[in-house]
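Working notes for the structure below.
The values are calculated or read from the model by the stated rules, or taken from the named source; none is laboratory data. Because the structure is predicted, anything quoted here is derived from the model rather than measured. Counting neighbours? That spans all protein chains shown, and the Cβs are built from the backbone with ideal geometry, glycine included.
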Amino acid sequence: MSPNKILFVDDEPMALKYFERLVSPLAPVITASSVEQGKAVLRERGGEIAVLVSDQRMPGAHGNELLRFAREFHPRIVRMLTTAYSEIGEAIEAINSGEIYRYITKPWELGSLHADLRNALELAELRNERDHLVREKLLVQQQQLLGSRLASLAMLGAGFVRGDSSAAMHRYARAALAAGCSVPATPWHQWDHAGLLQAEAQRGIAIAQGLGRWQAEFGEDRTPERAFALLAQALGAQAQGPGVRLSSAAPLTALLDAAPGEMPQAAETAWLAWLLWWDAPVQVQASAGGDAGGWTLQALSADSTEPAPPHDWLERMIEQMTEV
């Protein structure tokens, strides 16, 4: 539901009652009698409030302190100051500093008050629609980043397998999906396109270097007991025969869902490097209790078969991951 309420803050009880009676036909009104009460309302009910109107002269703290607080923590709320003619200079200063949208002089004239508040409510609705569109756009960008990372890992993986790396990469993608891989949390306001591409390229280089180091360390002996012991050691996990027990799913997803700019740690590249090196089916299963209960990685029996990945496995995996 879109925010639709007006918060009015004034230390005079009659002003609170008068404002609510005049304005309630336009929108629901919440009142507070001090700056501190106004801050408390914003903390508890900020998501409901479209417009904040504050008196300037109040005991303890002036209204512009509350307006600065709202600008910092609830920037989409339209902020207005109501003040006497003798305090117009303070109102103009508040406008110039970006603290308020406009000011309303006391005593109020009903027609002008209603017009100003209608405009403020319309502006709040436009901001809400803009924020909704921005959130949708950012979600699409995050989903694209996740898909781009999986595609990059598929290309990197091809350089570490003598034959076709599709089976190993398909296992990696299936495990990440089962483990709840999500779109990377990305503070888009901190990244421009070129900066993000550079960060992702640096991350890809670090992953490639990590894969190379692990491949060399794993060696040539691929007996199940040794292979899973190596994996357990690389992940800092517990070996259980031809298997490994993980305390969380993080090693299965870290190369995909880490925030931009975070360089991969050695253990985060070990799982993919091991899958490419092992190049055989692996069962990935959540223990009782889901992620909180851990995950187990086990070798399949010698007579088990695994269907070859479809030719469009990468496209399918990207679609499934970005739908979560």
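Look at (1) modelled with pLDDT of 95 or more; (2) not assigned by TED's automatic domain parsing to the domain that holds A308 and you find that Y172 fails only one, number (2). Please verify whether region 142-162 includes one or more residues that are exposed (fewer than 13 other Cβ atoms within 10 Å of the Cβ), modelled with pLDDT under 90 and not in a helix (DSSP H, G or I). Yes, there is a match, as at least one residue in region 142-162 is exposed (fewer than 13 other Cβ atoms within 10 Å of the Cβ), modelled with pLDDT under 90 and not in a helix (DSSP H, G or I). Each residue in region 175-207 was checked for being over 21 Å from A280 (Cα atoms) and in a helix (DSSP H, G or I), and 18 pass. Residues that are out of contact with any Ser or Thr (no Cβ under 6 Å at 6 or more places or on another chain) and in a strand (DSSP E or B) within region 1-52 comprise K5, I6, L7, V29, I30, T31, A32, I49, A50, V51, L52, listed in sequence order. In contact with a helix residue (DSSP H, G or I) (Cβ under 6 Å, 6 or more places away or on another chain) and among the aliphatic types (A, V, I, L, M), is that true of A168? Here the answer is yes, as A168 does meet what is asked. If only residues of region 233-252 that are touching a Leu at 6+ places or on another chain (Cβ under 9 Å) and either closer than 14 Å to L272 by Cα or among the small types (G, A, S) (or both) are counted, the one that is surrounded by the most Cβ atoms within 10 Å (Cβ to Cβ) is P251.
Tell me, yes or no, whether region 161-168 has at least one residue that is among the hydroxyl-bearing types (S, T, Y) and in contact (Cβ under 8 Å) with a residue 60 or more places away in the chain. Explain how you work it out, then say what you get.
Of all residues in region 161-168, those among the hydroxyl-bearing types (S, T, Y) come to 165-166.
Imposing the further condition that a residue be in contact (Cβ under 8 Å) with a residue 60 or more places away in the chain reduces the set to 165-166.
Checking region 161-168: at least one residue is among the hydroxyl-bearing types (S, T, Y) and in contact (Cβ under 8 Å) with a residue 60 or more places away in the chain.
Of all residues in region 296-323, none that is in the same structural domain as L275 (by TED's automatic domain parsing) and more than 16 Å from R171 (Cβ to Cβ) has its Cβ atom under 7 Å from the Cβ atom of a residue that is in a strand (DSSP E or B) and at pLDDT 85 or above, 6 or more apart or on another chain. Pairs linking a residue in region 118-132 that is outside the structural domain of Y101 (by TED's automatic domain parsing) to a residue that is of a type in the set (S, T, Y) and crowded, with 16+ Cβ neighbours inside 10 Å, with Cβ atoms under 9 Å and 6 or more positions apart or on different chains, are N119/Y101; A120/Y101; L123/Y101.
Give the residue that is modelled with the highest pLDDT, with candidates limited to residues of region 185-198 that are over 16 Å from G147 (Cα atoms) and among the hydrophobic types (A, V, I, L, M, F, W, C). Can you show your working first?
Keep residues of region 185-198 that are over 16 Å from G147 (Cα atoms), which gives 187-195, 198.
Subsequent filtering for residues that are among the hydrophobic types (A, V, I, L, M, F, W, C) retains 188, 191, 194.
Details: W188: 67, W191: 76, A194: 85.
The qualifying residue modelled with the highest pLDDT is A194.
The numbered conditions (1) touching an Asp or Glu at 6+ places or on another chain (Cβ under 8 Å); (2) over 27 Å from I92 (Cβ atoms) are all true for G47 except (1). With respect to S2, determine if the residue is modelled with pLDDT under 95, within 32 Å of the chain's Cα centre (by Cα) and closer than 27 Å to H132 by Cβ. Judged against the criteria, S2 is a match.
Can you tell me which of K39, K17, K5 is basic (K, R) and within 15 Å of R118 (Cα to Cα)? Let's see the steps before the verdict.
On the way: K39 fails: within 15 Å of R118 (Cα to Cα); K17 fails: within 15 Å of R118 (Cα to Cα).
Answer to the check: K5.
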